[in-house]
Amino acid sequence: MRSAIFIQNGRSRAAARDLPFCQLAVVVFDGYTSAVKNPIPAYSQWFPPQRSGDFLFSVKPVKFEIKEFNVVGRTRSLLTVGQVGTFGFDSLKYWEKQSLRRKQTSFLPEVTIDFSCAYTPRTSSAPGHNRYNEVTEDTVMKTPKPSIVTAAILAVTALALSGCAGVAAPAKSGGSGDTVTFRSWSPIEQTTKQMIDVFMADNPGSKIDATIFNYPQYLVDLQTRASSNTFPDIVGLQPGALTQQYRSNLMPLQDCAAKTWGSDWKSKFYPIGIEQAQAGNPEGDDNFYALPILVQTVNLWANTDLFKNANRQIPTTWSELASTVHAMKGKGYAPFMLPAKDNWVRNVVFLQIANNIDPGLVYRAENGEAKWTDPQIVKAFDYWGKLFTDGIAQDGAIGLDSYPTAANQFEAGNAAMIPLGAWWIQQSDPTKDQSAIPALSKGMAGYQPFLFPTIPGGASEPQYVGGIDVSLGISKNSKNPDLACKVLTDWIAGKGGQKLVDTMNDVPAVKGLTPSKFTSDKQKDIWNTLVDKWLPRVKYSRYFDSPKIDQAVGDALSAVATGSQTSGQAASSVQSVQDRVLAGG
Amino acid sequence: MRATFIRNIPGLLFLLPALILFLAFVVYPIIYNVQASTLKWDGVNPGQFVGLSNYLDLFRDPIFLITLRNSGLWIALTIIPQAMIGFLLALALNRGIFASTAYRAIFFVPAILSPVVVGIVWQRIMDPFNGVLVGVGKATGLTWLSGNFLGDPNAAIFAVIAVNVWMWTGFSMLFYLAGLQLIDSSMLEAAKIDGANGFHTTVRIIFPLLKSTHLSLLLLGIIGSLKTFELVYVLTQGGPAHASDMLPTYAFQHAFQLQSAGYASTISVVLIVIAVVTSLSMVRVFGTGFITGDEK
């Protein structure tokens with residue numbers, strides 16, 4: 001019998017020299033309590049430890065004997081010691097489990113064991129069964145198998161080579177046969193289904209495979225698909241940065257538009273939609289990588305019931321806003337409910353203020369023609385801050401989200417004014433059961449849209465801010481570009497578009513598409529105001545071109561709102577991000 | 001040597017499925033991330049190699065320091081209170097008080113709810129305008145309850161941590177209950193015979209006997225803290241002004257909203273390093289087997 005090297009467990013103090021292969025279990029009786037009933041196995045160990053796979057399945061009952069045994073105890077109980085015996089495989093397992101459970105508690109005695117071990121392996125005539133007799137120093141010591149390591153390195157290298165970060169995936173996309181795939185966050189699922197149904201009824205045999213996500217999830221999905229060759233045929237897009245990010249995956253749509261609507265197709269759309277559809281295109285690139293399906297204004301909404309009860313008029317100037325809010329205070333509702341937790345709400349309110357102060361200046365700051373530290377922009381930050389410091393916004397505005405909380409509160413009559421946008425008209429969706437909607441929303445009875453009040457020293461008229469709600473693009477590598485074009489144009493201005501407009505999801509991107517049903521004359525009036533008076537005059541975008549600026553402005557506004565930055569500091573923090581963006585950072 | 005390799009082939013084949021999964025879902029993403037962290041990349045279009053400049057930017061990024069501070073706060077302020085409250089609840093329920101099974105279920109319910117649901121509910125509760133806490137504050141005169149916890153940059157992270165503690169305390173309680181039931185009653189009897197009172201039994205006997213439970217909760221707590229995402233995202237979106245951002249929320253924001261996947265990967269790599277260093281030091285301090293109850 002050759003001697004072997006043992007891998008010894010850390011805490012075991014058993015001497016491991018010159019041991020033959022055998023199993024050992026030592027049971028220490030706590031002689032004080034329940035000695036017979038509950039022996040506490042203090043130590044149980046197999047020799048050699050089950051490191052070698054050879055022994056895992058070939059453990060046989062062996063006999064062992066402890067010749068000498070010393071216990072150094074720390075407990076109050078005097079330990080009487082000594083348990084020697086023969087254990088089978090199962091019982092050893094059992095002891096081991098028991099001991100594992102209890103071993104690690106500090107209550108147990110520390111045991112030092114000196115022992116030697118005699119063993120009598122049951123020999124078997126079949127050579128494979130007593131392989132432990134063959135184990136040599138060589139095999140026990142031979143740890144990590146170089147072949148596995150090599151294989152792992154090779155495999156990892158292969159994986160890394162086939163899928164590197166930062167490499168544009170060779171694009172191929174979407175559905176096959178007569179199927180197109182559609183992924184977006186908007187319109188909502190129910191409406192999308194109606195649009196698909198009406199398209200498929202007119203185009204038998206074609207199929208649209210659609211999935212609607214919430215917005216953050218959609219961004220994840222799109223990014224993953226763009227880098228995994230599964231880019232959808234039709235995708236929902238925000239104008240500007242998002243469209244530009246996927247530009248290389250998208251096909252120009254002007255041919256599709258001209259084919260469907262004729263060469264003066266652009267006149268069908270509201271000008272802001274056409275302008276924003278190209279936002280961020282590189283110099284000289286006049287392609288339309290996305291076409292708008294819905295557009296909107298961002299504006300304020302009033303609860304007319306509360307205004308009537310308070311006997312106040314809807315404010316048109318800042319001072320009227322301030323006095324109205326103060327007159328309405330303490331009546332159990334928020335005079336001006338500002339859901340400032342959302343970045344987009346902060347930014348659109350800021351853009352309304354900034355454009356009312358110096359129309360268009362912020363966009364010049366964004367493309368480097370002006371500075372964010374311009375006194376007029378600082379003033380806009382100032383007025384944003386005044387919403388909080390002058391007690392216009394409700395307490396805790398910075399922690400309130402727009403959807404669902406603030407929208408629910410406003411609909412429940414807990415606020416007199418709220419900054420949202422044209423889409424609020426969908427509160428009285430004619431395709432929905434009217435008995436199930438809140439009283440204020442029925443036929444838009446309790447609501448009136450209005451523009452953000454003018455600011456002292458600013459423009460004399462409130463400015464129109466808005467833009468594309470959602471636009472659609474088609475994959476450059478779509479297998480069915482004609483079908484995709486047909487779907488896209490149908491949803492913008494055809495029967496699908498009609499279905500969409502019938503739900504009043506927002507204002508259609510094309511002029512002249514009118515819901516087939518209104519829930520009230522008031523709703524019709526509001527609709528006409530939005531589509532005839534407001535949208536054709538929208539000149540200023542509700543978006544920034546760069547997501548980094550969007551974030552920087554949102555952060556700065558949040559810092560001003562909470563008082564951690566002055567308006568001047570906020571403006572310079574945006575300018576420093578602006579400098580990095582312009583420098584290509 | 002060759003003979004042993006051939007003999008080991010069946011074993012290696014058994015390992016293969018796990019190895020493939022490990023390579024595909026652990027090793028490969030890590031390598032991918034490390035590589036992406038050296039790029040200026042929007043996640044879609046071809047990236048541009050920038051070496052370590054993302055790392056230099058990151059270590060100069062004040063928001064990154066906020067996320068580190070928040071992770072530290074999160075680890076300290078969730079694990080300890082969660083364990084303490086959970087331990088006390090477990091002790092109480094282990095005595096077989098009336099309807100203890102029902103209580104156990106009730107305390108555990110938050111842990112099985114979706115963090116999104118918990119987030120929305122707590123947002124309503126803490127809504128400073130019309131929330132439950134404000135209502136309670138008004139009715140009882142405890143005006144501090146009307147604070148704008150989620151909207152105050154100094155309080156937001158603590159508010160989210162408090163919700164997290166509420167959510168996961170039942171989980172700790174369940175762990176401790178399981179641990180308590182494994183304690184040998186003879187030991188407690190022995191202590192009683194020796195004259196130990198309830199306090200001594202709890203502090204000197206029960207508490208140390210639950211060491212493996214403490215350590216399991218500690219490790220799970222640290223891992224959970226480092227990868228916290230949903231609750232923060234739903235309650236504050238990391239705001240106001242990043243005051244409650246954690247590493248994962250900040251990485252998500254860069255990857256998908258700010259179109260800087262390269263920078264987000266840099267954050268993730270730092271997160272991996274922190275997680276690995278933490279786990280390894282735990283293993284170093286407490287031994288490899290502490291979580292399974294194995295020998296050190």
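The values are calculated or read from the model by the stated rules, or taken from the named source; none is laboratory data. Only a predicted model underlies this, so the values are computations on that prediction, with no experimental measurement involved. Glycine gets a Cβ as well: all are built from the backbone with ideal geometry, and neighbour counts include every protein chain shown. In case anyone asks, the SASA skips ligands and DNA or RNA and just uses the protein heavy atoms, side chains included. Shrake-Rupley method; radii C 1.70, N 1.55, O 1.52, S 1.80 Å.
Keeping to segment B:149-162, report how many residues are in a helix (DSSP H, G or I) and at the interface with chain A (Cβ under 10 Å from one of its Cβ atoms).
2
Quick one: would you say A:Lys329 is charged (D, E, K, R) and out of contact with any helix residue (DSSP H, G or I) (no Cβ under 9 Å at 6 or more places or on another chain)?
yes
Could you list, in sequence order, all residues of segment B:163-186 that are open to solvent by 20 Å² or more (accessible area, probe 1.4 Å) and in a helix (DSSP H, G or I)?
B:Trp166, B:Trp168, B:Phe171, B:Leu174, B:Phe175, B:Ala178, B:Gln181, B:Leu182, B:Ser185 - these are the residues of segment B:163-186 that are open to solvent by 20 Å² or more (accessible area, probe 1.4 Å) and in a helix (DSSP H, G or I).
Scan (1) surrounded by fewer than 23 Cβ atoms within 10 Å (Cβ to Cβ); (2) farther than 20 Å from A:Thr304 by Cβ; (3) out of contact with any strand residue (DSSP E or B) (no Cβ under 9 Å at 6 or more places or on another chain); (4) within 14 Å of chain B (Cβ to nearest Cβ) for the single condition A:Ala412 breaks and write down its number.
(2)
Would you confirm, using the coordinates I've provided, whether B:Ser216 is under 17 Å from B:Leu93 (Cα atoms) and in a helix (DSSP H, G or I)?
Considered against the rule, which asks whether it is under 17 Å from B:Leu93 (Cα atoms) and in a helix (DSSP H, G or I), B:Ser216 comes out as no.
Collect the residues in segment B:225-258 that are closer than 26 Å to B:Met84 by Cα, open to solvent by 30 Å² or more (accessible area, probe 1.4 Å) and either away from chain A (no Cβ under 14 Å) or in a helix (DSSP H, G or I) (or both), keeping them in residue-number order.
Within segment B:225-258, B:Lys227, B:Glu230 meet the criteria.
If only one of A:Lys479, A:Lys511 is in the same structural domain as A:Asp264 (by TED's automatic domain parsing) and in contact (Cβ under 8 Å) with a residue 40 or more places away in the chain, which one is it? I'd like the intermediate steps shown before the answer.
Numbers: A:Lys511 fails: in the same structural domain as A:Asp264 (by TED's automatic domain parsing).
Answer to the selection: A:Lys479.
Of the residues B:Ile267, B:Ile205, only one is farther than 20 Å from B:Val34 by Cα and touching a helix residue (DSSP H, G or I) at 6+ places or on another chain (Cβ under 8 Å); which?
B:Ile205
Counting just the residues of segment B:192-213 that are buried (at least 16 other Cβ atoms within 10 Å of the Cβ) and outside any helix (DSSP H, G or I), which one comes out farthest from the other protein chains (Cβ to nearest Cβ)?
Across segment B:192-213, the extreme among qualifying residues is B:Ala196.
Any residue at all in segment A:250-268 that's open to solvent by 10 Å² or more (accessible area, probe 1.4 Å) and under 30 Å from A:Met417 (Cα atoms)?
No, there is no match, as no residue in segment A:250-268 is open to solvent by 10 Å² or more (accessible area, probe 1.4 Å) and under 30 Å from A:Met417 (Cα atoms).
Can you name every residue in segment B:118-147 that is over 27 Å from B:Met84 (Cα atoms) and in a loop (DSSP other than H, G, I, E, B)?
Passing the criteria: B:Asp127, B:Pro128, B:Phe129, B:Asn130, B:Gly131, B:Gly141.
Test each condition in (1) modelled with pLDDT under 90; (2) not assigned by TED's automatic domain parsing to the domain that holds A:Leu440 for A:Val531 and report the one that comes out false.
(1)
Okay, residues lined up against (1) away from chain B (no Cβ under 12 Å); (2) modelled with pLDDT of 85 or more; (3) assigned to a helix (DSSP H, G or I); (4) under 26 Å from the mean Cα position of the chain (by Cα):
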position: A:Leu161; (1), (2), (3), (4): no, no, yes, no
position: A:Ser186; (1), (2), (3), (4): yes, yes, no, yes
position: A:Met195; (1), (2), (3), (4): yes, yes, yes, no
position: A:Gly205; (1), (2), (3), (4): yes, yes, no, no
position: A:Pro216; (1), (2), (3), (4): no, yes, yes, yes
position: A:Val220; (1), (2), (3), (4): no, yes, yes, yes
position: A:Gln244; (1), (2), (3), (4): no, yes, yes, yes
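For the list (1) within 22 Å of the chain's Cα centre (by Cα); (2) under 24 Å from A:Ala412 (Cβ atoms); (3) within 13 Å of another protein chain (Cβ to nearest Cβ); (4) in contact (Cβ under 8 Å) with a residue 12 or more places away in the chain, I need the number of the one condition that B:Ser146 fails.
Among (1) within 22 Å of the chain's Cα centre (by Cα); (2) under 24 Å from A:Ala412 (Cβ atoms); (3) within 13 Å of another protein chain (Cβ to nearest Cβ); (4) in contact (Cβ under 8 Å) with a residue 12 or more places away in the chain, the lone unmet condition for B:Ser146 is (1).
Among all residue pairs at least 6 apart or on different chains, which show Cβ distances below 7 Å where the first residue, located in segment A:438-450, is surrounded by fewer than 16 Cβ atoms within 10 Å (Cβ to Cβ) and the second is part of a strand (DSSP E or B)?
Listed pairs, sorted by first residue: A:Phe450/A:Asn299; A:Phe450/A:Leu300; A:Phe450/A:Ala302.
Hey, could you check segment B:10-20 for residues that are at the interface with chain A (Cβ under 10 Å from one of its Cβ atoms) and of a type in the set (A, V, I, L, M) and say which is least open to solvent (accessible area, probe 1.4 Å)?
By that ranking, first place goes to B:Leu12.
Looking at A:Val501, A:Val531 in this structure, which one is open to solvent by less than 60 Å² (accessible area, probe 1.4 Å), under 25 Å from A:Pro232 (Cβ atoms), out of contact with any Ser or Thr (no Cβ under 6 Å at 6 or more places or on another chain) and in a helix (DSSP H, G or I)? Steps first, answer last, please.
Working: A:Val531 fails: under 25 Å from A:Pro232 (Cβ atoms).
Only one candidate passes the filter, namely A:Val501.
Looking at (1) surrounded by 23 or more Cβ atoms within 10 Å (Cβ to Cβ); (2) modelled with pLDDT of 95 or more, which is the one condition that is false for A:Pro339?
With (1) surrounded by 23 or more Cβ atoms within 10 Å (Cβ to Cβ); (2) modelled with pLDDT of 95 or more applied to A:Pro339, the lone miss is (2).
Inspect segment A:536-547 for any residue being more than 30 Å from A:Ile437 (Cβ to Cβ), part of a helix (DSSP H, G or I) and either within 11 Å of another protein chain (Cβ to nearest Cβ) or open to solvent by less than 40 Å² (accessible area, probe 1.4 Å) (or both) and give the result as yes or no.
yes
Taking the residues in segment B:217-245 that are aliphatic (A, V, I, L, M) and in contact with a Leu (Cβ under 8 Å, 6 or more places away or on another chain) as candidates, determine which candidate is farthest from B:Phe149 (Cα to Cα).
Result: B:Leu226.
Test each condition in (1) surrounded by fewer than 23 Cβ atoms within 10 Å (Cβ to Cβ); (2) within 14 Å of chain B (Cβ to nearest Cβ) for A:Pro515 and report the one that comes out false.
The single condition A:Pro515 does not satisfy is (2).
If I go through segment A:397-409 residue by residue, how many of them are open to solvent by 20 Å² or more (accessible area, probe 1.4 Å), more than 9 Å from chain B (Cβ to nearest Cβ) and under 19 Å from the mean Cα position of the chain (by Cα)?
1
Pairs please, first residue from segment B:21-37 and at the interface with chain A (Cβ under 9 Å from one of its Cβ atoms), second anywhere and in a helix (DSSP H, G or I) and surrounded by fewer than 18 Cβ atoms within 10 Å (Cβ to Cβ), Cβ atoms under 6 Å, 6+ apart in sequence or on different chains.
From residues that are at the interface with chain A (Cβ under 9 Å from one of its Cβ atoms), the pairs are B:Leu23/A:Ala155; B:Val27/A:Val156; B:Tyr28/A:Leu159; B:Ile31/A:Ala160.
So for segment B:273-284 (the condition being at positive phi, more than 10 Å from every other protein chain (Cβ to nearest Cβ) and exposed (fewer than 15 other Cβ atoms within 10 Å of the Cβ)), does at least one residue qualify? Break it down stepwise before answering.
Restricting attention to segment B:273-284, the residues satisfying the condition of being at positive phi are none.
There is no residue in segment B:273-284 that is at positive phi, more than 10 Å from every other protein chain (Cβ to nearest Cβ) and exposed (fewer than 15 other Cβ atoms within 10 Å of the Cβ).
Just to verify a result, which residue in segment B:77-96, among those that are assigned to a helix (DSSP H, G or I) and open to solvent by 50 Å² or more (accessible area, probe 1.4 Å), is farthest from B:Val273 (Cα to Cα)? Before the answer, list the steps.
Looking only at segment B:77-96, we keep the residues that are assigned to a helix (DSSP H, G or I), and these are B:77-94.
Going one step further and asking which of them are open to solvent by 50 Å² or more (accessible area, probe 1.4 Å), we end up with B:77, B:80, B:84-85, B:88, B:94.
Values: B:Leu77: 22, B:Ile80: 24, B:Met84: 29, B:Ile85: 31, B:Leu88: 35, B:Asn94: 40 Å.
Only one residue tops the list, namely B:Asn94.
Out of the residues in segment B:38-55 that are farther than 20 Å from B:Gln253 by Cβ and open to solvent by 60 Å² or more (accessible area, probe 1.4 Å), which is nearest to the other protein chains (Cβ to nearest Cβ)?
B:Pro46
Considering only residues that are surrounded by fewer than 24 Cβ atoms within 10 Å (Cβ to Cβ) and under 26 Å from A:Ala257 (Cβ atoms), which ones fall in segment A:451-471?
A:Tyr464, A:Val470, listed by residue number.
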